[in-house]
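The values are calculated or read from the model by the stated rules, or taken from the named source; none is laboratory data. Remember, predicted model here, so these are calculated numbers, not experimental data.
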Amino acid sequence: MAERLTLRGTDEAIGAEDLRRCGLESPSPTPAAPLIPDEGVDLEDVERRYVLAALEKTSWSQKDAARLLNISVDRMNARVRKFGLRHPSWRTNR
């Protein structure tokens, strides 16, 4: 493919559109590694915040929140219990 780009016979620089046409588009940038402060992080707190954010984003649907986090519904239920998360509209079984 690169040979096709150089054999075109033009003096112009090869651009992004040329690469796309030849299937040589650059890959998506890799996400940067998270910054870890010198004092460290509490992974349980990080996990709790992600679970809570997913629940809020999905209007507290545990099934949809689990899908967002790529975990099973059973695991989501366990995390909700572990972190003591509760939406006011949820009924408690007693």
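Quick notes on this structure:
- Number of positions in the stretch 36-60 that are within 16 Å of the chain's Cα centre (by Cα) and outside any helix (DSSP H, G or I): 1
- Test: residue in the stretch 72-81 that is under 27 Å from the mean Cα position of the chain (by Cα), at pLDDT 85 or above and assigned to a loop (DSSP other than H, G, I, E, B): yes
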